[in-house]
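One structure is given below, encoded as structure tokens.
What follows draws every value from the coordinates through simple rules; no lab data is involved. This structure is a prediction, so every number in the text was calculated from the model and none was measured. A quick note on method: Cβ atoms are made from the backbone with ideal geometry, for glycine too, and the neighbour counts reach across all protein chains shown.
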Amino acid sequence: MIKGIDVSTWQGVVDYKKIKASGIDFVIIRAGLGRETSQKDNCFEQNYSAAKTAGLDVGAYWYSYADSVEDAVREAKACMEVIKGKKFEYPIFFDLEEQSQFAKGKSFCDSVIKVFCGELEKNGYLAGLYCSTYYLNNFVSNNVAGKYPLWVAQYNYRCTYTANKYGIWQYSDEGRVNGINGNVDMNYCYTNYPIIVKAEGYNGYRKAGVKKASAYKTTATGTSNTSAKKSVDELAKEVIAGKWSVGDERKQKLTAAGYDYGKVQTRANELMKNQ
């Protein structure tokens with residue numbers, strides 16, 4: 001479990017060195033809202049730069065007001081223009097929480113989610129969905145929510161959302177963290193997004209000449225990507241060759257890539273005994 005916060009212009013000037021020292025490992029920053037690049041969050045640039053300098057992993061979110069599919073496309077393009085040229089270790093989240101959107105029903109919500117996230121995916125971003133538990137359960141289809149990394153909001157002692165695996169739980173909007181004056185949203189993360197993002201080349205980590213990042217999916221039982229899978233024997237040989245690091249880091253990398261660490265490690269041990 002990884003501790004994080006999310007911020008916007010409402011937090012004002014933030015001291016990220018103090019935040020990092022207090023045990024926070026990641027921050028999700030509001031990039032903007034609506035369908036125009038002029039609606040970039042006033043503090044986005046300084047938040048991004050300061051968080052990176054302090055050594056925090058960074059993600060971003062775009063607050064949606066889309067009232068049509070066409071609007072969702074414009075929001076996605078505005079978001080990408082604002083975040084262009086930057087690197088993010090966490091997903092870029094579509095923030096769905098306007099009552100006017102939910103009033104249009106589940107089919108509408110599904111459509112704007114797919115359009116916004118689809119636009120980002122086409123351009124090499126790992127796109128996710130932010131939504132509260134109640135609205136996820138009642139206004140977003142399970143199969144649509146299951147396509148993307150989920151950031152679930154529920155201010156409670158536990159998160160009760162069970163339809164899909166979620167990567168991040170926003171558990172409070174009244175957190176207090178050294179380095180921020182006033183309240184801040186608090187989050188727990190259960191998925192090692194930095195490993196996934198860097199391994200698959202999402203969010204600005206793709207190098208020139210490298211194939212575009214593969215599609216990402218999340219299911220009720222785990223997280224994986226849809227690129228071709230390697231056999232246990234292939235992976236075991238790579239483990240022996242040192243390509244998957246060692247110890248807990250190896251376990252994290254194999255699990256994040258959608259493989260069964262236990263089976264791979266057992267096979268690697270068998271092969272080493274026979275060498």
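Values for this structure:
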{"quantity": "Degrees between helix 106-122 axis and first principal axis of the chain (Cα, 0 to 90, nearest 10)", "calculated": "60"}
{"quantity": "Pairwise FRET efficiency - S100 versus D173, Cβ, R0 = 25 Å, nearest 0.05", "calculated": "0.70"}
{"quantity": "Most fluctuating residue given options A163, A31, A21, as computed from a GNM of the chain linking Cα atoms under 10 Å", "calculated": "A21"}
{"quantity": "Relative contact order for the stretch 107-153, counting Cα pairs under 8 Å that sit 6 or more residues apart, in percent", "calculated": "43"}
{"quantity": "About the Cα centre, charge dipole magnitude for the chain (Lys/Arg +1, Asp/Glu -1 at Cβ), debye", "calculated": "1080"}
{"quantity": "Fraction of the pair-distance distribution of the stretch 26-73 above 12 Å, Cα-Cα pairs, percent", "calculated": "63"}
{"quantity": "Max mean-square fluctuation residue, GNM over the chain, Cα-Cα springs under 10 Å, options Y134, Y65, Y48", "calculated": "Y134"}
{"quantity": "The chain, relative contact order in percent, only Cα pairs under 8 angstrom and at least six apart counted", "calculated": "16"}
{"quantity": "Calculated on alpha-carbon atoms, Rg and Dmax of the stretch 228-273 in Å", "calculated": "9.3, 29"}
{"quantity": "Only Lys, Arg (+1) and Asp, Glu (-1) charged, at Cβ; the stretch 228-273 dipole about Cα centre in debye", "calculated": "40"}
{"quantity": "Nonlocal amide H pairs with I28, under 5 Å, H built at 1.01 Å", "calculated": "I5, D6, V7, G59"}
